[in-house]
Every structure is written in C-alpha cells, then in structure tokens.
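Written out below as structure tokens is the structure these notes cover.
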Amino acid sequence: MQHILVAMTGASGAIYGLRLVEELLASKCRVTLLSSRSGRQVLAHETGLDWQGSVEQRLDKMRKHFKCGEQLTHYAEDDMFAPPASGSAAPTAMVVMPCSMGMVGRLASGTSDNLIERAADVTLKEGRPLLLVPRETPLSIIHLENLLRLARAGARIVPAMPAFYQQPQSMAALVDFVVGKVLDGLNMKHELYRRWGDEAS
C-alpha cells in the first residue's frame, strides 16, 4: 500500500487538495493529510469546511468528510515527533496541494520550522517524489527563483493550470484535470481526464 502525504497550505484552491485525497483513498493508498493554519482558513472560506479544533477533532472531521477510517491519518503542524518528520518513516511521496508562495519560499530555504516543511525536506533528502502545486498569478522573480531552486533539488512543479482541449463541461472537470496531472506525477493510473489524441467521448 502506497503512503502518500498530502499537505494543504494557504493558497487558493483547497478543492484541489480535497479531490486529490478522495482519489488517493479510492485507490487504496494510505494518506497522511497535513494542513497549515492558513490552509484551514482558506479551506473554510472556499468550501465551508471547518477543520479547526484539536488534532483529534480535526482527524475526526477529516475522516467523516472522506468517509474513511484508519486509512487516513493527521498530525499537528508543530508535531516534530510525528513519523513524517523522520527519513526512517518517509512516505512513498508527498504532495503540497495547494502550495502557497510562502510555503515555496520556506521549502526553498530548507528552514523545516514545522512538520509540513520538515516532511518536504525529508522527502527530498530521501529521494522520494515531492510534487508542489502552486496556485498564484502573476509570479514574481522571487517566486520563479524559489520554484527553480526546488525543481533543481528534485521537486516536481505542477501548477494548477487546467487545460481546455478536453472540452470540460464543469468546474469539477477542470479540477480533475489538475488532480490527474498530480496522479500522473505519482505514476498512478486514473481516468480523470481525456488525454491528448484520445477520441472525444
């Protein structure tokens, strides 16, 4: 069973992270879901989901939302004793979705001040896939240089840029395209979007 760590930070696009977790759970992956304080604030604003409270309360809310059990785990942002903080317990892969530019900057500098940053640092040093899904426009030179530094360190940058060649008919289809691109980066099979050259349904 693959173990995928998903971190949701304070950029717009919480729906992307939620949809990714749905697909990972449906694919029988073990999922660790982390969220920053600003990520939870954006989540509440964009989706109405209130994931505030203690770690135990947040985990209970997450499991109820995704209708799952122990397949999904969650840790506090400041819990540096959680398994993802150590290379000996590194997940199969990590996805930061959505990834704020603040998080990009901290990851590029290697500060590891909290569990999300430390887990990403561990993922890179252990040579595991780290996928970052930034949702920001326009991008400044600082943003671009930080993203380049992370790409050179081994991270895969998957901007939240939906395509239109598959003639999407809903917002869900646009979201699924981006989530599908992330699953491609994890080498996981899916049918979330029609690939270029495939016959239109």
Quiz item: Within region 11-66, how many residues turn out to be more than 27 Å from residue 105 (Cα to Cα) and in contact with a Cys (Cβ under 7 Å, 6 or more places away or on another chain)?
Solution: 1
Practice problem: For residues that are touching a residue at least 40 places away in the same chain (Cβ under 8 Å) and part of a helix (DSSP H, G or I), tally how many sit in region 109-141. | Solution: 5
Self-check item: Residues satisfying the stated conditions in region 82-100, i.e. closer than 15 Å to residue 36 by Cβ and either of a type in the set (S, T, N, Q) or at pLDDT below 95 (or both)
Solution: 100
Practice problem: Kindly list, by first and then second residue, each pair from a residue in region 76-88 that is buried (at least 16 other Cβ atoms within 10 Å of the Cβ) to a residue that is charged (D, E, K, R) and at pLDDT below 95, limited to pairs with Cβ atoms under 7 Å and residues at least 6 apart or on different chains. | Solution: none
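What residue, among those in region 174-201 that are among the hydrophobic types (A, V, I, L, M, F, W, C) and over 19 Å from residue 27 (Cα atoms), is least open to solvent (accessible area, probe 1.4 Å)? Write out each step before concluding.
Let us first name the residues in region 174-201 that are among the hydrophobic types (A, V, I, L, M, F, W, C), namely 174-175, 177-179, 182-183, 186, 188, 192, 196, 200.
Subsequent filtering for residues that are over 19 Å from residue 27 (Cα atoms) retains 174, 196, 200.
Details: 174: 45, 196: 201, 200: 68 Å².
Once the filter is applied, the top-ranked residue is 174.
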Exercise. Please state which of the following conditions residue 46 fails to meet, knowing it meets all the rest: (1) open to solvent by less than 30 Å² (accessible area, probe 1.4 Å); (2) under 24 Å from residue 158 (Cα atoms); (3) of a type in the set (D, E, K, R).
Key: (1)
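The values are calculated or read from the model by the stated rules, or taken from the named source; none is laboratory data. Since the model is a prediction, treat every value here as computed from it, not as a measurement. FYI the Cβ positions are ideal-geometry reconstructions off the backbone, even for glycines, and counts take in every protein chain you see. Calculation scope for accessible area: heavy atoms of the full protein, side chains included, ligands and nucleic acids excluded. Shrake-Rupley method; radii C 1.70, N 1.55, O 1.52, S 1.80 Å.
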